[in-house]
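Worksheet for the structure shown next.
The values are calculated or read from the model by the stated rules, or taken from the named source; none is laboratory data. Treat the numbers as computed from the prediction; the structure is a model and nothing was measured. Backbone-built Cβ (ideal geometry, glycine too); neighbour counts: all protein chains shown. We work out accessible area using only protein heavy atoms, side chains counted, and drop any ligands, DNA or RNA first. Shrake-Rupley method; radii C 1.70, N 1.55, O 1.52, S 1.80 Å.
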Amino acid sequence: MRMTYDKQDAHMTRGMAILSMLVLHLFCRTGGDVFGTPLLWFNSETPVVYWFGYFAEICVTVYSLCVGYAQQVMAEGGRPSWLSNLWRIGRLMTNYWIVVGLFSILGLLFDAGGGIPGSLTDFLKSIFLLHSYNGAWWYLHSYVFLLLIPPKVLLYPVKKLPVWLGLSGCLLAQVAWYCVGRFGLLPDSIGSVSLVEYIWTELKNLIGILPAVYVGAFLCKGKAVTKVGTWANKHFSRAVGKWLLLLAFLVLFLGFNLVHKAALVGITGVATFLLFNLWDKSKWTQKLFLFLGKHSTNIWLTHMFFYVYLFVGLVQKAKYPVLMLLFMLALCIASSYVIIGIDKGIRFGIRKIRSARRRGTTQGG
């Protein structure tokens, strides 16, 4: 089993998380909501692929674990700063603005209903995260607001608490937050002022992901992957370890689906995170998840346009679950290359302008 979690592992984990997001959104459906024509069914309402979709609810937890882990790695390396977080926000927002602009243009061409880009006000509000063309963008808002918290403030509990106490606190916080939502202890909306409503919604979303973010930080602090991997390699051969990982994942997968309780998503996501990073992957498997990780942000920002918002029903034309997933990936990755190309073009233009200005300043002097 592997005993490290480095930058490459982080990219692969994000690749696994984005694949889970696609599976969740395409296949966590029963009855009349089912997409396409699944070939295998448990009963008249539930296709077998639904179990994969339901399990894939771990995607948000896994993403949040990666965020917390990364923040703690930077803290331990003496590199956390609010300015570095602002730089990350700037890179992400540039990527987001390209997506907004690109799909707004496509909306003008293909959206007969006019919902995308909608009015000029809608477009401008989308630029500043006050409006959304895409339901998956809620996490973008939460991530940006999370990075606006100074790292020393965000990670203060991680610095002060022992790992076991921190993880226990995260578990209790997750259970408490689930109960708040399950029993409606907080209102869905407050007041009639749109700004107040916006702040309330974003605050709830941020609170919802914080336990997983802190779990990621505490796992990093406790060197969880290294310690579990070392223990396993000490007691089991490499071949036995692979089979044990596979068995553990199957038990996790079946148990989560059979118990079927949303309250277990957090624990299941943490367990999957650990199992995935303990897995000693083959070269082609690493390349696959690294490739998905490279494009994960663009896949996340664009995928919903291809089946529910702009090109409604396009992915469903592939009909069968595996083909729909592959078609979705093909569309998103093609879009990602376009987005990357636009981004490179913008950066090249900026460099040319700066270079010209420097030459002009030198000549003028």
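For the stretch 146-196, rounded, prolate or oblate, judged on the Cα gyration tensor with a ≥ b ≥ c (square roots of eigenvalues), a/c < 1.5 rounded, else prolate if a/b > b/c?
Taking the square roots of the gyration eigenvalues as a ≥ b ≥ c, the stretch 146-196 is oblate.
Just want the answer: with Cβ charges of +1 for Lys and Arg and -1 for Asp and Glu, which residue in 121, 154, 134 is farthest toward the dipole's positive end in the chain?
It is 154, whose Cα lies furthest towards the positive end.
Per 5 Å bin, what is the whole-percent P(r) computed from every C-alpha pair distance within the stretch 100-191?
3, 10, 12, 13, 16, 13, 11, 10, 7, 4, 2, 0
As a test of the definition: which semi-axes, in Å, follow for the stretch 127-240 when you take the square root of five times each eigenvalue of its alpha carbon gyration tensor? Largest first, please.
Calculated on Cα positions only, the semi-axes equal 35, 16, 15 Å.
To the nearest µm²/s, what D does Stokes-Einstein give for the stretch 255-349 at 10 °C and 1.306 mPa s, using the Kirkwood radius over alpha carbon pairs as Rh?
Estimated diffusion coefficient is 99 µm²/s.
So if I take the alpha carbon set of the chain, get Rg, then get Rh from the Kirkwood formula, what is the Rg over Rh ratio?
Rg divided by Rh gives 0.98.
How many angstrom lie between the C-alpha centres of the stretch 153-208 and the stretch 285-356?
Spelled out, the Cα-based centre of one part sits 31 Å from the other.
How big is the C-alpha Rg of the stretch 6-73 next to the rule-of-thumb value 2.2 N^0.38 Å, as a ratio?
For the stretch 6-73, the normalised Cα radius of gyration comes out at 1.37.
Consider a paramagnetic label point 7 Å from the Cα of residue 359 along Cα→Cβ; state which residues of the stretch 318-351 have an amide N under 15 Å from it.
In the stretch 318-351, the label zone of residue 359 (backbone N under 15 Å from the point 7 Å along Cα→Cβ) covers 349-351.
When the solvent-accessible surface of protein heavy atoms is calculated with a 1.4 angstrom probe, in what order do 93, 1 fall, highest first?
Order by accessible area, largest first: 1, 93.
Treating the beta-carbon of each Lys and Arg as +1 and of each Asp and Glu as -1, no other charges, what is the dipole magnitude of the chain about its Cα centre, to the nearest 20 debye?
1760 debye
Equivalent-ellipsoid semi-axes (√(5λ), Cα gyration tensor) for the stretch 203-249, whole Å, largest first?
Working from the Cα gyration tensor, I get semi-axes of 31, 14, 4 Å.
Given the whole protein assembly as supplied and a 1.4 Å probe, what does the accessible area of residue 18 come to in Å², nearest 10?
0 Å²
Taking only DSSP H segments of four or more residues, each worth -39500 (n - 2.57), what value at 222 nm results for the chain once the sum is divided by all its residues, to the nearest 500 deg cm²/dmol?
Value at 222 nm, helices only, nearest 500: -24000 deg cm²/dmol.
Excluding ligands, DNA and RNA, what is the solvent-accessible area per residue of the stretch 144-281 at a probe of 1.4 Å, expressed in Å²?
57 Å²
Just to make sure I understand: if all protein chains stay in place, what is the order of 244, 40, 171 by accessible area at 1.4 Å, largest first?
Correct descending sequence by accessible area is 40, 171, 244.
Give, rounded to the nearest 20 debye, the magnitude of the charge dipole that the stretch 239-327 has about its Cα centre when Lys and Arg contribute +1 at Cβ and Asp and Glu contribute -1 at Cβ.
Dipole size: approximately 200 debye.
Please go through the stretch 121-173 and write out the chymotrypsin sites (Phe, Trp or Tyr not before Pro) that DSSP classes as loop and that have at most 15 other C-beta atoms within 10 Å.
Those that pass, being in a loop and sparsely packed, are 128.
Roughly how many debye, to the nearest 20, is the charge dipole of the stretch 54-205 about its Cα centre, given +1 on each Lys and Arg Cβ, -1 on each Asp and Glu Cβ, and no other charges?
Magnitude of the dipole: close to 600 debye.
On a straight-distance basis, which lysines could pair with residue 242 in a cross-link, Cα separation under 23 angstrom, same-chain partners fewer than 8 positions away excluded?
List returned: 7, 223, 227, 234, 281, 283, 287.
Quick one: ranking 295, 25 by accessible area, 1.4 Å probe, largest first, what do you get?
Descending accessible area places them as 25, 295.
Based on the inverse mean of 1/r over its pairs of different Cα atoms, what is the Kirkwood hydrodynamic radius of the stretch 1-125, in Å?
18.2 Å
Treating each Cα of the stretch 265-321 as an identical point scatterer and ignoring solvent, apply the Debye formula and state log10 I(q)/I(0) at q = 0.14, 0.23, 0.29 Å⁻¹.
Relative scattering, expressed as log10 I(q)/I(0), comes to -0.65, -0.96, -1.01.
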